[in-house]
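Readers should treat all values here as calculations from the given coordinates under stated rules, not as data from a laboratory. Just so we're clear, the structure is a prediction, and the values are computed from it rather than from any experiment. Every residue, glycine among them, receives a Cβ derived from its backbone with ideal geometry; neighbour counts consider all protein chains shown.
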Amino acid sequence: FKSELQHFWNKNSETKAIFIYRKNSIAQLPSYRIKDDYSPWGNPGGDRSLAHGESNENSFNSYGTIIHHQQKFDFLNSSVTAGFSLDYSPNTYKANYISINKTDDGIYDSYINHADSMLTDYEVDLTNVAGYIRADISPVNRLKLIAAVRYDGFNYDYRNNLGASAFSGAPDSKDKFHAITPKLGATYDFGKNSGMYANYSIGFAPPQVGELYRGVKVPTLEPADYTNTEIGGWVSLLKNMAYIDVAVYQMNGKNEIISVLMPDGSRENQNAGETEHKGIEYGLTIKPLRDFVFRFNGSNASHTFINYNENGNDYSDNEMAQAPSFIANSEIIYKPKFITGFRISFEWQHIDGYYMDAANTKEYKGHDILNIRVGYNLKGFEIWTNVLNATNQKYSTRASASSWGTSYSPGDPINVNIGLAYTFTGRNK
């Protein structure tokens, strides 16, 4: 549910209020919670055909409001925008134990749900209060400067419904995270659909509920802080037949929260010390004919641990795991003018190879996926067919490794779906 109120006091003054209600519930059998009973280091006498996991459900209601006011001034085409937001989201999380059968080929093929064996049962009241102010000014023609500052405060009120001896026996806790983050930016419009910009900002990301309240104690996770610098530009060429945008960035992270694969095969969130992300992102769109559109988007980047220790090992200066240096997405769209309403597109998705572990000892080779989409519109009706992973490639959406072994989250095989829609339109009288 979303409701919006807007009032114009005059041509230079506007106030807007937004009210939001959300209700969400997700049930899952997460692969990242699976632990093998046997481990050559942790449990060499364990059952090789047994693994442990959980069935869980995460639910929340969210009540929020956003109020902001914009005031424009005649002086140097300037304006000031100030706002306030409040979000209250009571959250419940329940998980029970499942025993999983593992074949000799290492495949988890079946499980038994032990509904009477609760692993986790808690409630968290999350309150987020934020305020911000932003100033825009144009000291010269075509140049726009912005300066902004934002405050965020997160309050978690955690109540555990299980005893101290339970798997998630962490005591009741109240945790607070807050930060003040600034942003500076400049944009210059050269005209004729071309320009450039530069931004400097500091970001803040507190630990999420699911990262904090699991196990027999509340982990000492720190909020992640990011400092980001970005310079970019855009240009339209050949009478708007081609459009190019490019951005170069560097982002330094402190206490970035990452998922670490533990020796028993489970995952645990930890702060990563210091990290560095830098690279270039670019996009190209070409319309050589009215019927054809070609687009290409890519990113070349490096993601490095500057200061990071994991399980007593120093991985400083190593590449971060699951961080490909090259990602690309390209698509050709054909809408023949002699068949009004018909379209067909071919999309290519590329993920370059990356290291599977922080030690940089094992590497995933990457993958390429082809998607084909066909559609036809006629008098309010639309029918479409999408063929995803058209070549039925075997690939992994996430590949990781540790001293325990390797873990792959398989991507979907070839998937064909067909849809039909009708759009109702009113007639003007």
Residues with amide H under 5 Å from that of residue 395, placed H, sequence gap 5 or more: 411
Net length gained if the chain between residue 111 and residue 374 were fully extended (0.36 nm per residue, minus Cα distance): 90.8 nm
Over 28 Å (Cα to Cα) - which of 11/144; 16/379; 35/362 fall in this group: 16/379
P(r) histogram, all alpha-carbon pairs of the chain included - 20 Å bins from 0, percent: 17, 48, 32, 3, 0
Interchain or long-range residues, amide H under 5 Å from residue 204's placed H: 226
Proportion of all alpha-carbon pairs of the range 224-429 beyond 32 Å (%): 38 percent
Extension gain, residue 103 back to residue 137 (0.36 nm per residue minus Cα-Cα distance, nm): 5.7 nm
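What full-extension length gain, to one decimal in nm, is calculated for residue 38 and residue 88 as 0.36 nm per residue of separation minus the Cα-Cα distance? All intermediate terms of the calculation are to be shown ahead of the outcome.
On the way: separation 50, 0.36 × 50 = 18.00 nm, distance 4.29 nm.
Extra length available between residue 38 and residue 88 comes to 13.7 nm.
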Residue 384 paired with residue 74, simple spin-label distance in nm, labels 7 Å along Cα-to-beta-carbon: 5.0 nm
Inter-probe distance in nm under a simple model that places probes 7 Å from Cα toward Cβ, at residue 17 and residue 311: 5.5 nm
Virtual spin-label span in nm between residue 330 and residue 406, 7 Å along Cα→Cβ: 2.8 nm
Using a Förster distance of 25 Å, the FRET efficiency for residue 10-residue 188 (Cβ separation, nearest 0.05): 0.25
Dipole moment magnitude, nearest 20 debye, the chain about Cα centre, only Lys, Arg, Asp, Glu C-beta charged: 2480 debye
Calculated from backbone phi, Karplus (6.51, -1.76, 1.60) coupling profile of the range 348-355 in Hz, x at Gly/Pro: 10, 10, 10, 10, 6, x, 8, 6
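Which peptide among 407-418, 30-41 comes first, and what is the full order, when sorted by highest mean count of other Cβ atoms within 10 Å?
Taking the mean over residues of other Cβ atoms within 10 Å, the ranking is 30-41, 407-418.
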Only Lys, Arg (+1) and Asp, Glu (-1) charged, at Cβ; the range 290-429 dipole about Cα centre in debye: 1320 debye
Inverse mean reciprocal Cα-Cα distance (Kirkwood Rh) of the range 138-207, Å: 16.2 Å
Selected from 113, 405, 374, residue furthest toward positive end of dipole (the chain; charges at beta carbon): 374
